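Here the structure is laid out as structure tokens; the discussion comes afterwards.
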Ligand SMILES: Nc1ncnc2c1ncn2[C@@H]1O[C@H](COP(=O)(O)OP(=O)(O)OP(=O)(O)O)[C@@H](O)[C@H]1O
């Protein structure tokens with residue numbers, strides 16, 4: 001018969017197992033909300049959002065992409081189609097969110113934000129709950145909500161970044177782009193954001209250059225701010241990317257053997273195989289944080 005000491009040890013072990021299970025459950029349940037952002041414009045944010053979404057879809061993931069870039073409906077241009085409805089129709093005309101969803105390649109689905117993104121800022125509680133409900137309904141069918149934000153910190157970009165579970169900061173090797181990427185990381189740190197930050201170096205000359213620059217930026221964030229940023233990898237400067245843009249086809253599909261496609265595949269693998277950040281309450285909670293964050297000073301019309 002087990003003595004009291006053994007019984008106690010057994011009880012402690014089962015409690016530890018139970019708690020671990022609960023923690024893991026919290027980590028793996030619900031769709032992940034990932035915002036893609038950059039300090040500087042034109043560094044490849046939209047291109048990464050779309051092609052990474054396809055790579056995730058290729059790995060069995062169900063992905064919804066929210067095109068929240070106010071400038072242009074870029075995702076649609078990259079895919080070569082006109083959206084029927086955008087988030088604007090949801091906000092202004094009360095069209096169900098589901099009706100805005102456009103089918104994309106490999107089963108990904110796209111929600112064109114259009115000018116509806118700016119409108120989100122002035123919604124009242126009833127209108128917000130209508131939007132939240134729409135997102136909540138879609139969440140059950142998805143593993144990822146990928147958000148293509150605008151460049152810099154303008155027009156609520158910081159609100160999206162702070163509301164997501166994780167934000168992927170994209171930069172290229174140019175000193176100005178690196179400085180602006182650091183500015184974005186610092187802005188998250190200043191707001192004591194709980195979002196998990198990740199970094200991708202785009203348009204590198206070599207993977208070695210990317211790794212060095214990535215290390216330098218993540219070290220700086222850690223030393224100067226105490227802010228951890230996980231480096232996810234680099235994408236080569238690849239002429240196939242521009243070729244695919246001209247064909248209005250994602251490079252992941254048009255050039256499946258290109259360096260850029262391989263790199264995006266590796267980044268998708270890292271996202272899937274490294275420990276995911278804890279979920280922060282699903283899409284409803286994400287939308288709620290988004291609205292709350294929108295009023296942060298500097299979240300609107302503040303560049304760099
Ligand atoms: N790895 C790459 N190799 C070569 N060209 C690239 C690469 N990534 C992006 N580009 C080119 O850079 C240009 C800008 O890309 P993209 O539109 O994705 O940038 P963005 O950061 O989303 O821009 P914006 O700030 O306007 O939203 C595109 O024309 C694309 O062809």
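For segment 90-119, a tally of residues being farther than 17 Å from residue 160 by Cβ, assigned to a helix (DSSP H, G or I) and at pLDDT below 90 returns 2. Within the option set 183, 210, being within 15 Å of the ligand (Cβ to nearest atom), under 21 Å from the mean Cα position of the chain (by Cα) and buried (at least 18 other Cβ atoms within 10 Å of the Cβ) holds for one residue only, 210.
Got at least one residue in segment 76-93 being under 16 Å from the mean Cα position of the chain (by Cα) and either buried (at least 22 other Cβ atoms within 10 Å of the Cβ) or within 22 Å of residue 169 (Cα to Cα) (or both)? Checking segment 76-93: not a single residue is under 16 Å from the mean Cα position of the chain (by Cα) and either buried (at least 22 other Cβ atoms within 10 Å of the Cβ) or within 22 Å of residue 169 (Cα to Cα) (or both).
For segment 177-210, a residue qualifies if it is assigned to a helix (DSSP H, G or I), at pLDDT 95 or above and farther than 20 Å from residue 40 by Cβ, and exactly one does: 208. Taking the criterion of being within 15 Å of the ligand (Cβ to nearest atom) and either without any contact (Cβ under 8 Å) to a residue 60 or more places away in the chain or part of a loop (DSSP other than H, G, I, E, B) (or both), the residues of segment 231-243 that qualify are 233, 234, 236, 237, 238, 239, 240, 242, 243. Would you point out the residue of segment 37-58, among those that are within 10 Å of the ligand (Cβ to nearest atom) and assigned to a helix (DSSP H, G or I), that is surrounded by the fewest Cβ atoms within 10 Å (Cβ to Cβ)? My answer is 48. For segment 211-230, the criterion of a residue being touching a strand residue (DSSP E or B) at 6+ places or on another chain (Cβ under 6 Å), closer than 23 Å to residue 56 by Cβ and part of a strand (DSSP E or B) is satisfied by at least one position. Among the numbered conditions (1) away from the ligand (no atom under 14 Å from the Cβ); (2) in contact (Cβ under 8 Å) with a residue 40 or more places away in the chain, the only one that residue 226 does not meet is (2).
Looking across segment 135-154, just one residue is crowded, with 23+ Cβ neighbours inside 10 Å and either in a loop (DSSP other than H, G, I, E, B) or without any contact (Cβ under 8 Å) to a residue 60 or more places away in the chain (or both), and that is 153. Residue 246: surrounded by fewer than 23 Cβ atoms within 10 Å (Cβ to Cβ), more than 20 Å from residue 212 (Cα to Cα) and within 12 Å of the ligand (Cβ to nearest atom), yes or no? Here the answer is yes, as residue 246 does meet what is asked.
The values are calculated or read from the model by the stated rules, or taken from the named source; none is laboratory data. Worth saying up front: this structure is predicted, and the values here are computed from it rather than measured. Note that each Cβ is placed from the backbone with ideal geometry, even for glycine, and that neighbours are counted across all protein chains shown.
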